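Here's the structure, in structure tokens; my notes come after.
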Amino acid sequence: MPCPDTSTGSPQRPLPIRADRRWLLLHALGAIALTLAAATSAQVSPLAPEKAFRFSARALNPHTVEVRFNIADGYYLYRDKLRFTVEPAASGLAVPSLPNGKVKEDQFFGRVETYRGNLIVSLQLDGTVPGQKVVVQAESQGCADLGICYPPNIQRVTVALPAAGSAPTRLDEPPRKQWFQ
């Protein structure tokens, strides 16, 4: 036999408004803390150097190679840590003229010039033959704004020099055969 509901004689009172506000404030603070934790964890893992400082090259003519660094947001390269070489060594690389960088007071190296965004440098080659392939090597060093610095990094790209009078090759793409000359 079912028992009838019993009553204490007092009507149930709703929670005071203060308790509802505390609950809402507690949940809002929790959501903010989770958002900040997610944003912080996303920033803590730095990019690999090849992704932070993407290197590419293309031949403009048989005696000029244009090299580029596409530097990721939040990263920078040191101007005085850039070195270029070309193989074969008989290609005769002239000393490149680097653009001025932005002066920065660095916690690791003191007063230095840095590059952010895109860096484009023209390399002049003296002893090359049209149609020859050369390997362009770039040694660079950079840091992330997070306070993480990378060791010196070496990247290589093979570039086919165009025949005399040909159009420049496109970035990251080998020259195409010319079927109708």
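Each peptide in 101-113, 83-95 gets a packing score, the mean of other Cβ atoms within 10 Å over its residues, and the list from highest to lowest is 83-95, 101-113. Lysine pair count for region 51-153 with Cα-Cα distance under 24 Å and sequence separation of 8 or more or different chains is 5.
The mean accessible area for residues of region 53-119, using a 1.4 Å probe and ignoring ligands and nucleic acids, is 54 Å² per residue.
Share of region 55-108's accessible area from carbon and sulfur, percent, 1.4 Å? The C+S portion of the solvent-accessible surface of region 55-108 is 47 percent.
The values are calculated or read from the model by the stated rules, or taken from the named source; none is laboratory data. Not measured: the values here are computed from a predicted model. Cβ sites come from the backbone with ideal geometry, for glycine too, and all protein chains shown count toward neighbours. Keep in mind that these areas ignore ligands, DNA and RNA; they rest on the heavy atoms of the full protein, side chains included. Shrake-Rupley method; radii C 1.70, N 1.55, O 1.52, S 1.80 Å.
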